[in-house]
Each structure stands twice: as C-alpha cells, then as structure tokens.
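To keep things clear, I will list the structure first and then write my remarks on it.
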Ligand code: SF4
C-alpha cells in the first residue's frame, strides 16, 4: 500500500478520486469503484502498488499492436484490479477483485526497478502494462515507465481508455504506444456491460491521437450485442474520420467468459464481415483476431 496521487479532499474526511472518469466520492474507510483505492482516515491509498499478479513475455502482436515494433517481444505485467466491470471479462480472476483484498495484501510488492531489470534481462525492448487496467495501478506504472525511459525501453499501455485528464497529462511524456478498447458505440451498452460511459472513451482516444503517441484500437465483437452493421460502421467511421484512415482497428472474436459464459462465441464469418465494413469505411489497417 502506498499513498495515492490524483485525488482531492471533498470535506468531511471524504476523498474525490481524479484518476478515472468514475470520479468516485470515497468516504472514510471505503474503497472506490475499482476496489483498489481506499480512504483511510482521510488519506487516500493505492492498495495495489507493486502488487504484480501477472508477468510474462509476449509477442507485441498479442497486445494487440500490429504496427509498432512488429516482430519484437514485450515484457508484460499487470497489478490487481480494474475500473470497469465487464460482464465478459477475460481476466476476471485478476481484474475483478471484489472480496479479494486478502489475496492482494499477500501478493509481494515488486519494485519498479525489478520490472525494468527483468525486461532488460529478457531482451525485451518494451514494457507493456496490460491484462488488467493500468489506470488503477497508475502510480506504479508511472514510476516504472520513468525508469524504463532511462533504460531506453519503450512503454506500452493496453487500456479501456477511461483515464482522467490529470493522469493523461502525466502519462503522455512517458508513453510510446497504446491500444485502446472501443467496446461499443452505444452508451447504454457501456453502462450495461461494463459499468462505464462511452463519451470519455471517445474523448480520450482523440486526445491520445493528437498527442502523437502510436495508437491502435480494438473492438471485441460480441454476437447480438455490438455486431450489427450499423454499430460497426459507427465505430469504423469514428476511427476513419476522427483518427485517420490509417489507424489500425483490431476486430476480435468474443469467447464466453465470466458472467457471459452462456453466450455463443463470435463466428469467424462475423469477423470477416466486420473487416469488410471497416474497409468500406476507408480503413486501411483492419486486423482480424482471436479466430
Ligand atoms: S480509479 Fe476510478 S474507479 Fe478507482 S477510485 Fe478512482 S475514480 Fe473510482
């Protein structure tokens, strides 16, 4: 546990968290929506600082990033927690941490320098903050990213794009590439399936593009939820019109998981139809995945 950044006092011992767009108002001895930031006696703490729950070496294409340092491997890590509650979360055991505080507490703390050393020792030219949502372990990610920069390593985020402006300002100078999920083009779906909102994600994607960081977008296509030609065209047009037609769009097949284990997987034909839609909207880099 370490003191958190990105918050302000809200009076009566309450804290307003400014790390992501939930902007939680956290009362004394309560945790935020993500469950990994806690108000303790009016101070605010990151419960998952350095609590690395997954570390492995991946091909960079697995992030997925297809047009940033292709053919290289990336040192990938996650700390516990997430600020979304995706009903189909593929990493629920490490991301959805309600009632898992004892597991987090018992996870040894990894110092940022150890992550950088591990990346160098394994000849990885980059570090990826991935698997869970790096926003909720931002203090640890930023500390590691600063050391990685000194060691001439690249920094990559795989994110749901829900970070707030204060974090984005600190992140941009250290970030080299990011893949952001654009899960739906429908605010109701964001609320229903993830407990979040669409507009902050769209705004952040545009800001990231304007910052000059390498940006790729991913949409997990779920049958009967976001696979209609209308919604896929809306996503493809947003990418093409607002980010540029050469912005990579990864279209991934859904597999049943977590609270949606009774759903059907996405047929390959749906992914190929989505690729045609993306191309018909002018996108030049549409990448099918997970099939
Ligand atoms: S990171 Fe987001 S979800 Fe977590 S406490 Fe802060 S505002 Fe709430």
**Message:** Normalised by the empirical 2.2 N^0.38 Å for globular proteins, what value does the Cα Rg of segment 182-291 take?
**Reply:** 1.03
**Asked** Which order results if 120, 232 are arranged by neighbouring Cβ count within 10 Å, fewest first?
**Response** 120, 232
**Request:** Please find the FRET efficiency linking residue 23 to residue 259, where r is the Cβ-Cβ separation and R0 is fixed at 22 Å, and quote it to the nearest 0.05.
**Result:** 0.30
**Prompt:** Over all Cα pairs of the chain, how is the pair count split among 10 Å bins, expressed in % and running from 0 up to the last occupied bin?
**Reply:** 7, 28, 36, 22, 6, 0
**Message:** Please report the antiparallel percentage of DSSP beta bridges with both residues in segment 48-178, rounded to the nearest 5.
**Reply:** 45
**Request:** Among 133, 216, 172, rank each residue by its count of other Cβ atoms within 10 Å, from fewest to most, as a rough exposure measure.
**Result:** 172, 216, 133
**Angle between the chain longest axis and helix 112-121 axis [Cα atoms, degrees, rounded to 10]** = 50
**Complete:** Percent antiparallel among DSSP beta bridges confined to the chain, nearest 5, equals 45
**Complete:** At the level of C-alpha centres, the distance separating segment 75-124 and segment 172-236, in angstrom, is 22
**Message:** Give me P(r) over segment 48-178, computed from all C-alpha to C-alpha distances, binned every 5 Å, as integer percentages.
**Reply:** 2, 11, 22, 24, 21, 14, 5, 1
**Prompt:** Hey, can you rank 56-63, 224-231, 175-182 by average C-beta count inside 10 Å, highest first?
**Reply:** 175-182, 56-63, 224-231
**Asked** If you project the alpha carbons of segment 2-46 onto the principal axes, what extent comes out on each, in Å, largest first?
**Response** 22, 19, 16
**Asked** Hey, how many Å between the Cα centroid of segment 1-39 and the Cα centroid of segment 127-142?
**Response** 18
**Fill in**
The residues 222, 104, sorted from fewest to most surrounding Cβ atoms within 10 Å, come out as 104, 222
**Prompt:** Taking only DSSP H segments of four or more residues, each worth -39500 (n - 2.57), what value at 222 nm results for the chain once the sum is divided by all its residues, to the nearest 500 deg cm²/dmol?
**Reply:** -7500 deg cm²/dmol
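Bear in mind that the values in this text are calculations on the coordinates, not laboratory data. Because the structure is predicted, anything quoted here is derived from the model rather than measured. Note that each Cβ is placed from the backbone with ideal geometry, even for glycine, and that neighbours are counted across all protein chains shown.
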